[in-house]
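The values are calculated or read from the model by the stated rules, or taken from the named source; none is laboratory data. For clarity, every value in this text was computed on a predicted model and none was experimentally measured. Backbone-built Cβ (ideal geometry, glycine too); neighbour counts: all protein chains shown. For the accessible areas, the whole protein counts, side chains as well, though only heavy atoms, and no ligand, DNA or RNA atoms are used. Shrake-Rupley method; radii C 1.70, N 1.55, O 1.52, S 1.80 Å.
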2 protein chains.
Amino acid sequence: MTDRDSPGRPGGFSCPVPLSRHAVVTLAHGGGGTIMKRLVDGFVEAFGGPAPGDRHDGAVLELNGGRIAFTTDSYVIDPIFFPGGDIGSLAVHGTVNDLAVCGARPLWLSAGLILGEGFPLDSLERVVESMADAARRCGVRFVTGDTKVVGHPGCDGIYINTAGIGAVPPGVDVRPANVRPGDGIVVSGDIGRHGMAIMCAREGIGLETDIESDSAPIHGVVGRILESGIPVRCMRDLTRGGLAAALSEIASDSSTDFIIEEPSVPVNGQVRAACELLGFDPLHVANEGRFVTFVPGGMAADLVRLMASFDPESTPACIGTVAGEGTGAVTLRSSLGTRRPMSVLSGEQLPRIC
Amino acid sequence: MTDRDSPGRPGGFSCPVPLSRHAVVTLAHGGGGTIMKRLVDGFVEAFGGPAPGDRHDGAVLELNGGRIAFTTDSYVIDPIFFPGGDIGSLAVHGTVNDLAVCGARPLWLSAGLILGEGFPLDSLERVVESMADAARRCGVRFVTGDTKVVGHPGCDGIYINTAGIGAVPPGVDVRPANVRPGDGIVVSGDIGRHGMAIMCAREGIGLETDIESDSAPIHGVVGRILESGIPVRCMRDLTRGGLAAALSEIASDSSTDFIIEEPSVPVNGQVRAACELLGFDPLHVANEGRFVTFVPGGMAADLVRLMASFDPESTPACIGTVAGEGTGAVTLRSSLGTRRPMSVLSGEQLPRIC
């Protein structure tokens, strides 16, 4: 959607899962899989949301002759302190990243805190310090906020909502509708760190790993890519549901089919080992500092070189191509050349991952 | 604050209540009283917030040669359905109203839903329908959203965060710093309905009352006031902590003292009776569709007449004056002419009121 005067498509909202079978909210409704997608599609319909090809992790809106991006996320992660980050910095990075992949330069954040009665004040201090510090590092400002406290059993710690506003530079137009057959698909680095870091931290698993979350802001790198002259069709950060959910969503929203070369998808050795041990597929594991970019096929190698030049330790990779117009099918090709449809989770892999 | 480049005043955040005495979050930290104010002042300091005279329920920011207002609120009200409204419409009205009292025309909302595992899907349908319906009535659009699900004991139902963006018309400048000695203070209608409606609904009190929440959007009336030519110094909607909290905040932020004529404060008979029975002071009881406006003293009667002309059933009233420069003291004058300082709650009157 581009402005408030464009015709909305408001309609009645009905939950997409038959009431007779699942009359209550389940963890699967928040898991980033197909059940959540059907719920969210219902919200989008009720609220008169944008056409699929215009869908982002945020909205791009016309105002005062320019364009802004507007996005929101609530963070309910458990545990709130984890290897590589905490809920405070995550709440900054996640929303900054959603703005970045709309093509926007992040400017301002809001903070909506819900605190559980009994939450330790020293933990609150650590979280607020972390939010303020992350915002400073990202060059954004918290400009408005709200605090609520709920008694038992309403909240078991702290939930943080951050909404964000960014400015979309003239000429930038990244969205699923721009994806074209022949485009290359580039992932910004190795996947699955955030999810496996949380998994190991939460379960107190005795794995001897040093896996840290990849939680980090991506707007700096995204900004340099957009300024590089390489034409960017679409971008998406990888969060709940992992790379698989992001690819499936973009394929569906752009009515194209993708082929992904499975051996090209970068996965850190420790993450791969932990996934194998615990039965996870890295494609489905959450990230908080990785994103996927669609560019014309001939430019994919240039984009990978450019991204590697920003950070020699990063492992960007071209992982596949847009095969043609289609219905949103994503096919994985193995090292032996065999093909299989990429699975998408229906429900919940790991609750409260972000 | 007016733009992202103005110098922030970031500092370390430390909880304002000594850790040795209150090492955990208490309901009082969210009650709208002085304990909450000290916590929020700590956040504002940590995030480099605005000077007191520029404080609103939202932020006013310069963008593309114009000004926008940006605000956020989380809604955790219990029960979620109450006489006169529900959490869905409340989440629209509350944020629309915060934008309105910044002087802004509300445009766009975000929706951040946190759902408890086990929350009935038919209740979710009612809430989402109510959000969509309230947005349509207010002429605003939900343009972006997020859904999280938490398992027991993380959330006992539904929490909704709405952030909002509005456009501030040229020439509009309403903020505490503009309040001047001699200004008149006008309240838009009778106070205390929302809090007493929730109180009666929650406790299943056998009071034979028909008290309904005043939950309603105020941006239409505010817009007509701003267009009327009556110079508006400052506005504030009355929510947690009631009229008393709003007056105390504005007096403090504008470094002036107020005198309030207690008999002039409009209170509905049923609300007054319920307050007396239950031991509440209507000045402290929450509202969700009332606001207070500061105008030059000579214009207060004009403003009351104008507001009454919009809605013959409304009961706007001039309730006092800005006595002079000062330290934020608010004095109540009784019908006998006796004076006493207006009390402000330190903590919690009624948890989860909004």
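When only residues in the stretch A:295-354 that are basic (K, R) and surrounded by fewer than 16 Cβ atoms within 10 Å (Cβ to Cβ) count, which is nearest to B:V150 (Cα to Cα)?
The qualifying residue nearest to B:V150 (Cα to Cα) is A:R340.
Exactly one of (1) farther than 30 Å from B:G65 by Cβ; (2) more than 9 Å from chain B (Cβ to nearest Cβ) is unmet by A:N97. Its number?
Tallying (1) farther than 30 Å from B:G65 by Cβ; (2) more than 9 Å from chain B (Cβ to nearest Cβ), A:N97 fails exactly one: (1).
Where in the stretch B:296-354 are the strands (runs of 3 or more DSSP E), entirely inside, with at least 2 residues that are of a type in the set (V, I, T)?
Here the list reads B:317-325, B:330-333.
Return the only residue of B:R333, B:R290 being within 30 Å of B:D156 (Cβ to Cβ), modelled with pLDDT of 95 or more and in the same structural domain as B:M199 (by TED's automatic domain parsing).
B:R290
Residue by residue through the stretch B:108-152, note down the ones that are in contact with a Leu (Cβ under 8 Å, 6 or more places away or on another chain), under 25 Å from B:V60 (Cα atoms) and not acidic (D, E).
Across the stretch B:108-152, the qualifying residues are B:W108, B:A135, B:V140, B:R141, B:F142, B:V143, B:G145.
Can you give me the number of residues within the stretch A:91-122 that are free of Cβ contacts under 8 Å to residues at least 60 places away in the same chain and not in a strand (DSSP E or B)?
5
If a residue must be under 26 Å from A:D86 (Cα atoms), of a type in the set (D, E, K, R) and in contact (Cβ under 8 Å) with a residue 60 or more places away in the chain, how many such residues does the stretch A:312-354 contain?
Residues in the stretch A:312-354 being under 26 Å from A:D86 (Cα atoms), of a type in the set (D, E, K, R) and in contact (Cβ under 8 Å) with a residue 60 or more places away in the chain: 2 in total.
For the list (1) farther than 26 Å from B:W108 by Cβ; (2) assigned by TED's automatic domain parsing to the domain that holds A:N161, I need the number of the one condition that A:A59 fails.
Among (1) farther than 26 Å from B:W108 by Cβ; (2) assigned by TED's automatic domain parsing to the domain that holds A:N161, A:A59 violates only (1).
Of the residues that make up the stretch A:115-122, is at least one open to solvent by 10 Å² or more (accessible area, probe 1.4 Å), under 25 Å from the mean Cα position of the chain (by Cα) and at the interface with chain B (Cβ under 7 Å from one of its Cβ atoms)?
No: the stretch A:115-122 contains no residue that is open to solvent by 10 Å² or more (accessible area, probe 1.4 Å), under 25 Å from the mean Cα position of the chain (by Cα) and at the interface with chain B (Cβ under 7 Å from one of its Cβ atoms).
Among (1) over 22 Å from B:S335 (Cα atoms); (2) open to solvent by 30 Å² or more (accessible area, probe 1.4 Å), where does B:M235 come up short?
Every condition holds for B:M235 apart from (2).
Among the listed residues B:D190, B:D210, B:D183, B:D156, identify the single one that is over 21 Å from B:L107 (Cα atoms) and open to solvent by less than 10 Å² (accessible area, probe 1.4 Å).
B:D183
Please work out which residue is nearest to the other protein chains (Cβ to nearest Cβ), limiting yourself to the stretch B:36-71 and to residues that are in a helix (DSSP H, G or I) and open to solvent by 40 Å² or more (accessible area, probe 1.4 Å).
Here the residue is B:V40.
Looking at (1) in contact with a His (Cβ under 9 Å, 6 or more places away or on another chain); (2) small (G, A, S); (3) buried (at least 20 other Cβ atoms within 10 Å of the Cβ), which is the one condition that is false for A:A274?
For A:A274, the exception is condition (1).
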